[in-house]
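Each remark here refers to the structure printed beneath this line.
Just so it is clear, none of the values below were taken in a lab; they were calculated from the coordinates. Not measured: the values here are computed from a predicted model. All Cβ positions, glycine included, derive from the backbone under ideal geometry; neighbour counts span all protein chains shown.
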Amino acid sequence: MTRFSYFIYSLCIILFSVEVYSQIPEKTPAKYMKEADEFMRVEDWESALAIYIKLLTQLPEDGLLNYKIGVCYSKSFQKDEAKFYFEKSLEILGEKNIEPEGFNYMARIYHLTYNFDKAIEFYTKYLSTLTEKDSKKEIVKKELQYCVNAKELMLKKQNVKIENLGPVINSNFPDYAPVISADEAVLIFTSRRDDTKGEGRDPEDNLFFEDIYISNKYNESWTPPVKISDNINTDSHDASVGLSADGQTLFIYRDINKGDLFSTRLIGSEWMEPAPLGKTINTKYWEPSITISGDGNIIYFASDMPGGFGGKDLYMSRQLPGTFGYGKPLNLGKTINTPEDEDGPFIHPDGKTLYFSSKGHYSMGGYDIFKTELDSNRNWSEPENLNPPINTPEDDIYFVLSADGKHGYYASAKPGGFGDKDIYCIQMPEKEKPKPVIVLKGFLTDKENGKPVGAKIIVRDNESSEIISITDANSVTGQYLVVLTPGRNYGITVDNPSYLFHSENVDIPNLDSFDVLYKNIKLQKVSVGTQIVLRNIFFDTGKSELRKQSKSELERVFNFLKQKAEINVEIAGHTDNVGTDENNQILSENRAQAVVDYLIKAGISPTRLQARGYGESQPIESNETNEGRQQNRRTVMEILK
């Protein structure tokens, strides 16, 4: 089924009706023309077009009729058809007999079909018909500038592969606003299909109301999409506008007030009832789009609230510590925002690369997609156009990008699609990719029975002790995903009140390429004999003084013992086999004692703590490799009672 199948289907039905009507002898061409003109007046382009085409068989050289057909086609996605009929009307009527608005229609069609010189010619002619006070004058000047920009941008056209996601995802109805998880495992998008929840149509455009759909990637293919949840989809408009890196927090747009943003969380296998983001974000103005940083701490959103640079501006807001609320929004400034509209922000999981759409920067028509980067001084770089063929003379908006930077997703009304707007995947050019990040993912299970376990995943920077992110492993699948930026040493704690906490250390050097780390974690019940390796307690080589990077882990142990007042523990030190047995034994004892001393000083009773050193006597890996020796140098906590 082609892109225009639904349009043509409707057209055929209407043509059939016209065929029936044509059997009524008293209905003259003039009456048909009057009827079609009325459809055109109320912007029912399909009905008008069906009658005009019927009349064309009788009046093929009617210049005005050809012009009207061109206007109707210009309102569809058949721009080449519009151009054909406009040019035919011009040939028949001549320029002197074309109404001024016709120059505007023709300029627009030439613009959209990449004939920029002709577009400039007809925009200029149209401009000459307008008075100085006509409000359209500035709009036409802007369109002229877009055409000039487009000619220059086409010289920078890149060899980029853009693929339609195919009939599994796309329908013969509008499909758009895709959002993806960082690992591209989840795709959520908006569609105006005929199975919409309320089965109703919006009287504004006679299209079905928006619903949200979800698809999952399985064996490198997308599963057939399904409506996401009755908790999310309503009888009115519901649109997907943002998704967290782990795919478990979804942001949606609803036509409430002037247009507000909501969030919902996937708990197990159920999406919760969406909640509005609150009055700090949702004003009495229009907030149409949002994105969230990979660590979940910052949102970027669009709003036309007063006090900006004009039209819709982009803003950022930080999550308030210990809450689900957000602080006062900050305008991203004049480097990003213009007197025109900015919309559709997407912050890459690296936290530094922002993609957004703008009508006010160096665009080739309507919204173009731009890229900007945050420098070490927290300043945004001058936005760069992503260039053709990613950008087109039409509106290009709601672009998102995978964590590895390889695949961009957006919706576009390209010829040869399946119906109206379709969702496409872009093989991103190297120069447009963001800085590399690391995706850490895996599954949490119960060590005894192997069943999935839900838990909080807390990521800290060991150097600063700053909490980088807090997220949840899914309680049904046990799956988790966090995004880490290179150049840091991370302490990762897995916390479920029914289990002993789990500690991991992840050291990420500065990298030149994206990577995925897989780490499945088995959680243990709190019982006598259970051991946990405290992977984020650090000592200098050959020394027993605790390094400052150990602070977060030590606080975690302290909090655990404070919460479990009935428990006594042994803190055990272990070494590798470098050095003498005697020195390693003493070193391990001193290191264990250093941890115990910290806990006693923090307020834990000495009667609950034992320090013991095992030297090199209990290796868990071979001492023949650096990696093995690193694993053997460890501090272990064991439950005694």
> Angle between the Cα long axis of helix 136-154 and the longest principal axis of the chain, 0 to 90 degrees, nearest 10?
Replying inline: 60
> Can you count the Lys pairs in the range 133-185 whose Cα atoms are under 19 Å apart, with each pair 8 or more apart or on different chains?
Replying inline: 4
>> For a quick check of your reading of the filter: which trypsin sites (Lys or Arg not before Pro) in the range 585-624 sit in a DSSP loop and have no more than 14 other Cβ atoms within 10 Å?
In response: none
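When DSSP assigns beta bridges and you keep just the ones with both residues in the chain, what percent turn out antiparallel, to the nearest 5?
On the way: 101 of 113 bridges.
Antiparallel bridges make up about 90 percent of those DSSP assigns within the chain.
Give the total of Lys-Lys pairs in the range 479-594 with Cα-Cα distances below 21 Å; include a pair only if its members are 8 or more places apart or on different chains.
6
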> Hey, what does the equivalent ellipsoid look like for the range 23-120, semi-axes from the Cα gyration tensor as sqrt of 5 times each eigenvalue, largest first, whole Å?
Replying inline: 25, 14, 11
> When the helices in the chain are scored as -39500 (n - 2.57) per DSSP H run of 4 or longer and the sum is shared across all residues, what 222 nm value do you end up with, to the nearest 500 deg cm²/dmol?
Replying inline: -8000 deg cm²/dmol
> Would you list Ile567, Ile438 from fewest to most Cβ contacts within 10 Å?
Replying inline: Ile567, Ile438
> For the range 169-432, what number results from the quotient of the Cα radius of gyration and 2.2 N^0.38 Å?
Replying inline: 0.94
> What are the aspartates and glutamates whose alpha-carbon lies under 16 Å from the alpha-carbon of Lys641, with same-chain residues fewer than 8 places away excluded?
Replying inline: Glu566, Glu570
>> From zero outward in steps of 10 Å, how is the percent of C-alpha pairs of the range 502-598 spread across the bins?
In response: 12, 38, 33, 15, 2
>> What's the magnitude of the charge dipole for the range 105-169 around its Cα centre, counting Lys and Arg as +1 and Asp and Glu as -1 at the beta-carbon? Answer in Debye, nearest 20.
In response: 40
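What number, in percent, do you get for the relative contact order of the range 526-641 if the mean sequence gap of Cα pairs under 8 Å and at least 6 apart is divided by its residue count? Don't skip to the answer; put the middle values down first.
Working: 223 pairs, mean separation 45.0, N = 116.
Averaging sequence separation for qualifying contacts and normalising by length gives 39 percent for the range 526-641.
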>> Using a 7 Å offset from the Cα along the Cα-to-Cβ direction at both Leu207 and Lys279, what is the distance between the two label points in nm, to one decimal?
In response: 3.4
>> What does the net charge come to around Val453 if you take all other residues with beta carbon closer than 12 Å to its beta carbon, with K and R at +1 and D and E at -1?
In response: +1
> (1) 83, 62, 53; (2) 110, 46, 46; (3) 75, 65, 48: which one is Cα extents along the principal axes in Å as calculated from this entry?
Replying inline: (2)
> Translational D (Stokes-Einstein, µm²/s) of the range 436-524 at 37 °C and 0.692 mPa s when Rh comes from the Kirkwood sum over C-alpha pairs?
Replying inline: 247
>> Out of all Cα-Cα pairs in the range 250-395, roughly what percent, to the nearest whole number, are more than 22 Å apart?
In response: 40
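Taking only C-alpha pairs under 8 Å that are 6+ residues apart, what is the relative contact order of the range 90-224 in percent? Walk me through the numbers before you get to the answer.
Numbers: 141 pairs, mean separation 18.9, N = 135.
Once normalised by length, the contact order is 14 percent.
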> Expressed as an acute angle from 0 to 90° and rounded to the nearest 10, what is the orientation of the C-alpha long axis of helix 551-563 relative to the principal long axis of the chain?
Replying inline: 80
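Looking at the range 526-641 only, what percent of DSSP beta bridges run antiparallel? Nearest 5 please. Write down the numbers at each step before the final one.
Numbers: 10 of 15 bridges.
Once the DSSP bridges in the range 526-641 are tallied, antiparallel ones form about 65 percent.
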